[in-house]
Amino acid sequence: MSTATTPESSSSRVPGVRWDPVFDELGFPEDPENLYTQTVATMLESAETVALPHRVKIILAQPKNEFMVHFPVRMDDGHHRLFKGYRVQHNNALGPYKGGLRFHPNIHLDDVKSLALMMTIKTSLVRLPLGGGKGGVKCDPRALSEGELQRVARRFTTAILNDIGPDYDIPAPDVGTNAQVMAWIADTYQMSTNNRTSTEAMRVVTGKPVEIGGSLGRNKATGQGVVDTLVEMLPALDMPMTDLRVSVQGWGNVGSWAGRILEKKGAKVVSVMDHTGVLHNDHGFDCEALTEYCMEHGGIAGFEKHASASASGKNPGLGGEVVSLEEFYTNPVDIFIPAALEQMVKTREAEMIQCKVVIEGANGPVTPDADEILERRGIPVIPDILANAGGVTVSHFEWVQNKTNHMWTEEFVDAELNRYMVMAARRTLLARQKFGVPLRKAAYCSALAHIGDVYRVRGIFP
Ligand code: GLU
């Protein structure tokens with residue numbers, strides 16, 4: 001372990017954040033609630049452990065580029081609304097900037113910066129030849145018509161057109177966006193850039209529909225990666241993979257796929273919450289039926305009545321019951337999967353959760369304070385940068401398929417994804433052993449050591 005100087009401890013300066021001298025050097029605000037400060041603190045702590053040189057620490061503590069754009073969009077009723085969009089390019093030492101686009105009403109620059117930094121770390125941990133970026137539009141996609149959503153996506157693409165590119169910065173789906181939004185972005189990009197062939201231009205985004213070069217297996221990839229990681233990690237955490245009872249926070253793309261795949265492996269998803277409600281089913285939900293219901297109704301609320309009335313599900317009449325948030329957290333399970341948004345598990349939730357392992361499907365769902373509580377309680381947290389890396393991994397496969405004009409079978413995609421996830425999990429376990437640190441820090445250590453090696457070889461220009 002490194003014996004480099006110990007930064008001022010959190011208690012003496014900013015409660016909840018380990019205050020590194022780099023924060024002062026770069027003029028960070030002393031705000032412990034700020035997701036960006038929290039993410040950089042996590043990164044700097046591991047940077048210290050792997051003795052990352054100061055020059056690399058300061059490079060990684062700020063993104064290379066931050067774009068904020070404003071653009072008008074005509075709404076269905078004829079009036080125009082001004083939207084705010086972001087693209088943050090955190091680092092491209094390993095390859096083109098890579099990361100999702102989020103459409104959400106509560107998106108802020110610091111969140112996007114954090115998520116972009118996490119992408120740099122994630123791609124490095126998985127050893128993909130990609131850097132890190134993130135972006136999005138401040139809007140509520142649920143409140144937009146399809147036409148409005150399409151105009152927002154296309155106009156946003158136009159606003160960042162010169163800053164993205166198939167070999168420079170490659171967006172993908174994230175919260176509030178999907179394959180259809182990627183198709184509109186790819187089409188707008190191709191129509192607006194005249195020196196590219198269709199296939200080349202389409203490489204500007206991943207997570208596209210299969211019809212225009214998307215990869216088989218991409219839609220489920222993040223959830224699949226969560227399960228692949230869990231299968232690899234559980235034996236190392238002295239837990240059998242049998243008779244698992246699972247609780248899932250957030251039933252969107254990641255949560256619903258992780259739940260469905262786990263159910264197929266014999267696990268029972270017994271508790272689910274999303275932005276519309278909280279449900280419990282001691283016998284385990286029919287995850288396929290729950291997902292279908294959610295797609296139709298926009299959330300899980302009401303599934304308990306619907307499932308009782310329908311006989312189409314695998315467990316007719318077993319839609320579960322509505323429970324309180326407190327019951328959701330305190331109901332004992334083996335695995336808790338936060339798969340909604342960042343900072344959803346704070347100190348209060350960390351004290352309440354009754355589980356043996358937490359595996360992060362979302363990005364940054366557990367705050368550093370909550371992390372400490374879970375550690376004290378002996379509950380290991382399999383971190384986001386490992387657990388949810390399946391999405392960007394299959395994005396990379398899509399990009400490679402587009403580059404070579406070749407389409408892989410779903411079996412091949414799944415097998416390759418598993419190989420990458422297993423290797424990333426083993427790297428994390430090795431770092432845990434080498435540095436004697438919890439899993440999140442171990443994953444950061446492995447990723448940062450790799451970035452450090454790349455900077456050592458490349459040097460810093462000029
Ligand atoms: N938005 C996903 C993530 O946070 C995927 C990004 C990508 O495929 O580029 O990892």
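Looking across region 403-417, the residues that are touching a residue at least 24 places away in the same chain (Cβ under 8 Å) and at negative phi come down to Lys403, Met407, Trp408, Thr409, Glu410, Val413, Asp414, Leu417. Of the residues making up region 84-102, none is in a helix (DSSP H, G or I), touching a residue at least 24 places away in the same chain (Cβ under 8 Å) and more than 11 Å from the ligand (Cβ to nearest atom). Among residues of region 123-178 being more than 10 Å from the ligand (Cβ to nearest atom), within 22 Å of the chain's Cα centre (by Cα) and basic (Lys, Arg), the one that is least open to solvent (accessible area, probe 1.4 Å) is Lys138. Criterion applied to Val358, Val394 was being crowded, with 24+ Cβ neighbours inside 10 Å and outside any helix (DSSP H, G or I), and the one residue passing it is Val358. The residue that is most open to solvent (accessible area, probe 1.4 Å), counting only those in region 207-223 that are under 15 Å from the mean Cα position of the chain (by Cα) and among the polar types (S, T, N, Q), is Asn219.
Apart from one condition, Glu30 fits all of (1) open to solvent by 20 Å² or more (accessible area, probe 1.4 Å); (2) more than 30 Å from Gly147 (Cβ to Cβ); (3) under 23 Å from the mean Cα position of the chain (by Cα); (4) without any contact (Cβ under 8 Å) to a residue 60 or more places away in the chain; the exception is (3). Look through Gly266, Gly259 and report the one residue that is of a type outside the set (Lys, Arg), modelled with pLDDT of 95 or more and open to solvent by less than 10 Å² (accessible area, probe 1.4 Å). It is Gly259.
Among residues that are over 29 Å from Leu318 (Cα atoms) and touching a residue at least 12 places away in the same chain (Cβ under 8 Å), Ala221 is not included. Inside region 404-439, residues that are within 16 Å of the ligand (Cβ to nearest atom) and either at pLDDT below 95 or within 21 Å of Asp174 (Cβ to Cβ) (or both) make up a count of 5.
The values are calculated or read from the model by the stated rules, or taken from the named source; none is laboratory data. Just so it is clear, the structure is predicted and the values come from calculations on it, not from any experiment. When we count neighbours, we look across all protein chains shown, and the Cβ atoms used for this are built from the backbone with ideal geometry, even at glycine. Accessible surface areas use protein heavy atoms only, side chains included; no ligands, DNA or RNA. Shrake-Rupley method; radii C 1.70, N 1.55, O 1.52, S 1.80 Å.
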